[in-house]
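Readers should treat all values here as calculations from the given coordinates under stated rules, not as data from a laboratory. This one's a predicted model, so the numbers in the text were calculated from it and none came from an experiment.
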Amino acid sequence: MTNKAASIRQKLLNLSRERGESFDFVLQQYAIQRLLYRLSVSEYHDQFLLKGAMLFSVWTGDLHRPTKDIDLLGFGSNDTDVLVNDFKVICAIEADDGLIFDIESIQGVRIKEDSLYQGVRVTGFAHLEKAKIGLQVDIGFGDAVTPNARLATIPSFLDFPAPIMKIYPVYTVIAEKFHAMVALGLFNSRIKDFYDIWMIAIHGLQEGDFLLGGDALDGTALDGTLLVSAIRSTFNRRNTVMSTEMLSVFTAEFMQDTNKHKQWNAFLNKNRIVSDQSFENIQQGLRRFLEPAYQAAALGAEYPFKWDVSEGKWK
């Protein structure tokens with residue numbers, strides 16, 4: 001095992017140089033991929049859906065921003081001790097990929113972020129030869145998934161078997177992030193939500209060969225009917241009243257807020273993202289994308305339009 005682990009570590013080091021990414025980042029992604037693989041072949045594979053930034057590796061073939069954790073939607077027990085035990089079983093699965101998970105390091109705590117997200121956080125460590133890699137899994141419960149989840153292959157490094165698991169539909173991802181924007185307003189520090197939706201709306205997605213079964217996104221259009229349905233389901237599930245009045249996140253006051261601009265620039269710097277877009281420009285684009293669908297959801301109306309990524313408008 002030691003020699004194989006050393007060989008894998010060297011391959012990952014070479015990969016980091018080829019990709020122009022830090023070795024620590026590549027190690028982190030490798031550990032996440034191999035943990036997801038163990039989950040996908042475990043007895044618990046049907047109790048979780050993959051969500052969060054890792055979905056972009058399915059939609060585009062690569063991550064659009066660094067992530068150090070795994071986000072899941074759980075369908076089984078939400079008891080912390082039960083989940084810790086489940087992940088101890090998952091991490092004990094042998095996969096011959098050089099990683100050794102420290103089973104005794106696995107622990108869990110209840111989480112409640114921004115008064116919106118409630119669930120369980122499971123943390124632990126894995127080792128690849130002498131490298132120690134921290135892992136974090138955030139598990140939420142009770143969210144509405146619209147349309148149904150899809151089975152996908154999660155892109156992975158090297159030639160090991162890739163995880164195959166159910167993932168969040170893009171429409172629910174947009175709806176949940178949009179809900180956080182609306183519910184938190186100026187108190188929202190989740191700048192990644194603005195960035196993620198902007199990436200989807202302005203740059204599009206290409207699900208290529210990773211999504212298994214059904215119709216993949218064509219990279220140029222998003223379905224207004226499905227987005228309205230996801231927004232309505234998410235807001236109803238989270239007991240948030242929808243109003244036809246202008247949302248605060250689309251007002252000039254919000255778009256020009258000094259603190260929001262500072263948070264946006266700090267987010268870009270922290271994640272080493274190069275962008276010439278200001279926060280106000282991003283919000284103007286998001287307003288064009290989200291406001292019509294939200295208004296239709298609030299009115300209970302149909303919205304049979306397609307979002308054209310290349311033109312940045314509903315047609």
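Points worth noting:
- Less than 5 angstrom separates the built amide H of A221 from those of V309, all sequence-distant by 5 or more or on a different chain.
- Of the DSSP H helices in the chain, those whose Cα atoms cover at least 15 Å axially and whose Kyte score averages 0.0 or more: 23-40, 80-91, 170-184, 224-237
- Under 22 Å of direct C-alpha separation, and excluding same-chain neighbours fewer than eight residues apart, K68 reaches these lysines: K11, K51, K88, K112, K130, K132, K166, K177, K192, K270.
- Prolate/oblate/rounded label for the chain (Cα gyration tensor, a/c 1.5): prolate
- Listed residues R237, R65, R121, most fluctuating in the chain (Gaussian network, C-alpha, under 10 Å): R237
- Amide H contacts under 5 Å for I70: Q136, V137, D138, restricted to partners 5 or more places along the chain or on a different chain, H placed in the peptide plane at 1.01 Å from N.
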